[in-house]
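Asker: Structure below; questions to follow.
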Amino acid sequence: MDTLKEYIINFAGLKIGEHSFSYILTDIFFKEFDYSEVTNGNLLVQVDVFKQERMFELDFYIKGTAEVECSRCLDKFPYPIECTNKLIIKLGEAYSELSEEAIIIPENETMFNIAHYLYEFIIISLPIKRIHPNNKEGISTCNKDMLKLLEEVMLSPDIDNEEDEKEIDPRWEILKNFKFN
């Protein structure tokens with residue numbers, strides 16, 4: 001977690017008004033998060049902080065590529081990311097999450113680490129199904145060996161299928177018809 005210290009914003013040292021911070025996220029950043037869906041990346045982050053007397057508004061702009069695993073062939077590939085997010089931090093008695101965009105931190109806190117929020121914003125911006133893009137000719141750029149293997153598995157006849165049909169318990173025979181309806 002020592003590498004995440006650079007993502008601490010010291011609110012106490014900021015004057016009321018607008019302030020900007022820039023960060024570059026690489027594999028060092030993503031390795032700090034266990035079981036991360038992103039293993040590597042090259043992302044530029046711009047954070048604009050609008051400090052008010054008892055509140056901070058943070059506007060995040062993230063752009064770059066994140067290395068993710070293809071849902072089809074399981075090879076890693078760079079996925080383009082561009083997103084904007086907002087976080088409102090209010091000063092109060094104790095830590096509390098008001099919503100996805102608003103939190104309360106204790107009044108005596110002088111700094112806030114945004115690393116976890118940066119990571120979440122990137123993960124949320126990724127689609128659930130991540131597949132290699134097609135090339136200019138419209139052909140998939142997935143691992144050709146894996147696609148061939150998948151095709152063979154999908155087209156291969158089920159050898160044990162005939163044997164299984166003979167041994168089906170008559171009580172379950174009626175359920176077999178449901179899969180065809």
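The values are calculated or read from the model by the stated rules, or taken from the named source; none is laboratory data. For clarity, every value in this text was computed on a predicted model and none was experimentally measured. So basically every Cβ, Gly included, is an ideal-geometry build from the backbone, and we count neighbours across all protein chains shown.
Asker: If we keep just the residues of segment 99-130 that are small (G, A, S) and more than 10 Å from the chain's Cα centre (by Cα), which is nearest to N40 (Cα to Cα)? Working first, answer last.
Answerer: In the first step, residues of segment 99-130 are kept if they are small (G, A, S); the result is 99, 102, 115, 125.
With the extra rule that they be more than 10 Å from the chain's Cα centre (by Cα), the set shrinks to 99, 102, 115.
Working: S99: 29, A102: 29, A115: 15 Å.
For segment 99-130, the residue satisfying everything is A115.
Every residue, every condition in (1) assigned to a strand (DSSP E or B); (2) modelled with pLDDT of 90 or more; (3) surrounded by fewer than 17 Cβ atoms within 10 Å (Cβ to Cβ), yes or no:
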position	(1), (2), (3)
F21	yes, yes, yes
Y35	no, no, yes
V47	yes, yes, no
F50	yes, yes, yes
L58	yes, yes, no
Y61	yes, yes, yes
C83	yes, yes, yes
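Asker: So which of T3, T26 ends up being free of Cβ contacts under 8 Å to residues at least 24 places away in the same chain and surrounded by fewer than 16 Cβ atoms within 10 Å (Cβ to Cβ)?
Answerer: Numbers: T3 fails: free of Cβ contacts under 8 Å to residues at least 24 places away in the same chain.
When all the criteria are applied, what remains is T26.
Asker: Inside segment 6-19, can you point out the residues that are in a loop (DSSP other than H, G, I, E, B) and surrounded by 10 or more Cβ atoms within 10 Å (Cβ to Cβ)? Talk me through it step by step, then tell me what you get.
Answerer: We begin by selecting, within segment 6-19, every residue in a loop (DSSP other than H, G, I, E, B); these are 14-16.
Once the filter is applied, which keeps residues that are in a loop (DSSP other than H, G, I, E, B) and surrounded by 10 or more Cβ atoms within 10 Å (Cβ to Cβ), segment 6-19 yields only L14.
Asker: In segment 85-124, which residues are of a type in the set (G, A, S) and outside any strand (DSSP E or B)? Break it down stepwise before answering.
Answerer: Filtering segment 85-124 for residues of a type in the set (G, A, S) gives 92, 94, 96, 99, 102, 115.
A94, S99, A115 - these are the residues of segment 85-124 that are of a type in the set (G, A, S) and outside any strand (DSSP E or B).
Asker: Scan segment 68-81 for residues that are in contact with a Phe, Trp or Tyr (Cβ under 7 Å, 6 or more places away or on another chain), in a strand (DSSP E or B) and either over 20 Å from L43 (Cα atoms) or not β-branched (V, I, T) (or both) and jot them down. Steps first, please.
Answerer: In the first step, residues of segment 68-81 are kept if they are in contact with a Phe, Trp or Tyr (Cβ under 7 Å, 6 or more places away or on another chain); the result is 68, 70.
Restricting the remaining residues to those that are in a strand (DSSP E or B) gives 68.
Matches in segment 68-81: none.
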